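As structure tokens, the structure follows; a few thoughts come after it.
The values are calculated or read from the model by the stated rules, or taken from the named source; none is laboratory data. All values derive from a computational prediction rather than experimental measurement. Methodologically, a virtual Cβ is constructed for each residue, glycine included, from the backbone with ideal geometry; neighbour enumeration extends over all protein chains shown. Each accessible area value is taken on the protein alone, full model and side chains, heavy atoms only, with ligands, DNA and RNA left out. Shrake-Rupley method; radii C 1.70, N 1.55, O 1.52, S 1.80 Å.
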Amino acid sequence: MTEALILSGKTVSHEVYNTLQSQIDSLKSSGCTPGLAVVLVGDDPASNVYVNSKARRFNKLGLFSETIRLPEDIGEDELLSKIQELNNDDRFHGILVQMPLPKHLNEAVIIEAVNPLKDVDGFHPENLGRLTAGRPRFVPCTPKGIMRILKHYNIDPSGKHVVVLGRSNIVGRPISILMSLKQTFSNATTTICHSGTADIPYHTLQADILIAAIGVPNFVTSSHIKEGAVIIDVGINRVEDDSEKGYRLVGDVYFDSVNEKVSAITPVPGGVGPMTIAMLVENTVEAAERLVSG
Ligand code: GUN
């Protein structure tokens, strides 16, 4: 196989920002600055990094964002009333509750408390239901970003077999729904593998497009994939090393193992990660436009 095509989320995300700038300018000139509230419960280091990079991006684009940092041991009622406050605050067109939440909080209850019209994560059952019915409002950011990368590189999933590793509500489940929708640049045959799957390589070896979203460092190796497959690596795993930071980021895919066998692959970092933030910006701008036009 010749060198794999590197699917750069970094490049595609900058294209998204360029496109969004005129929509942002036009909203701002009509007196509306798109605003996002990010709720962070506790101080998980990885979540902290994500939340800070979201805030930096919003700032850079001249958008409004506020990070609401709440203590690890906050009660459910207190968190729910904070969300209610944000639902009623017109400065915020989008609300994002960073996942995962501490174990004592019921994620489903918290997600349902967010006004579906401000649910820029697309996690609310109303938005997930709309996506499933093929009438999406907000599409979850990481799956939306994956579709956008494929579109940019003209990799059409239609008629292909897409195998998804992982069934999370954030990535695995929604990307499998998106991929099988009857619309252009979807229309794929999909398989979801998860912890209950008896023989994972049996399925992944049939994938034309393999999406790895299980959060296990270097899980996918060349023995899992067929020659010429397209690989989307959603994993952002911290692996300890002796660098200054004390860790490095690796994907769910063992890049050096699969590199010579695949036709295209997203790197980690610089692949799916930057797209998640770009789609969050896009969803927030969309939320502002919808709330402004009524
Ligand atoms: N944790 C990991 N990815 C995400 C995401 O896209 N949104 C939220 N809210 N939490 C996450």
- What are the pairs, 6+ residues apart or on separate chains, where a residue within segment 94-105 that is over 30 Å from R290 (Cα atoms) has its Cβ under 8 Å from a residue that is more than 10 Å from the ligand (Cβ to nearest atom) and among the small types (G, A, S)? P102/G42
- Go through G134, G122 for me and flag whichever is within 22 Å of I177 (Cβ to Cβ), away from the ligand (no atom under 14 Å from the Cβ) and open to solvent by less than 60 Å² (accessible area, probe 1.4 Å). G134
- Message: If I filter segment 284-294 for residues that are away from the ligand (no atom under 16 Å from the Cβ), open to solvent by 70 Å² or more (accessible area, probe 1.4 Å) and in contact with a Cys (Cβ under 7 Å, 6 or more places away or on another chain), do I get at least one hit?
- Response: yes
- State yes or no: is L80 open to solvent by less than 60 Å² (accessible area, probe 1.4 Å), aliphatic (A, V, I, L, M), without any contact (Cβ under 8 Å) to a residue 40 or more places away in the chain and out of contact with any Cys (no Cβ under 6 Å at 6 or more places or on another chain)? yes
- Query: Restricted to segment 46-64, and to residues that are within 16 Å of the ligand (Cβ to nearest atom) and touching a residue at least 40 places away in the same chain (Cβ under 8 Å), which residue is most open to solvent (accessible area, probe 1.4 Å)?
  - Reply: Y50
- Within segment 247-271, the count of residues that are within 16 Å of the ligand (Cβ to nearest atom) and touching a Leu at 6+ places or on another chain (Cβ under 9 Å) comes to 5
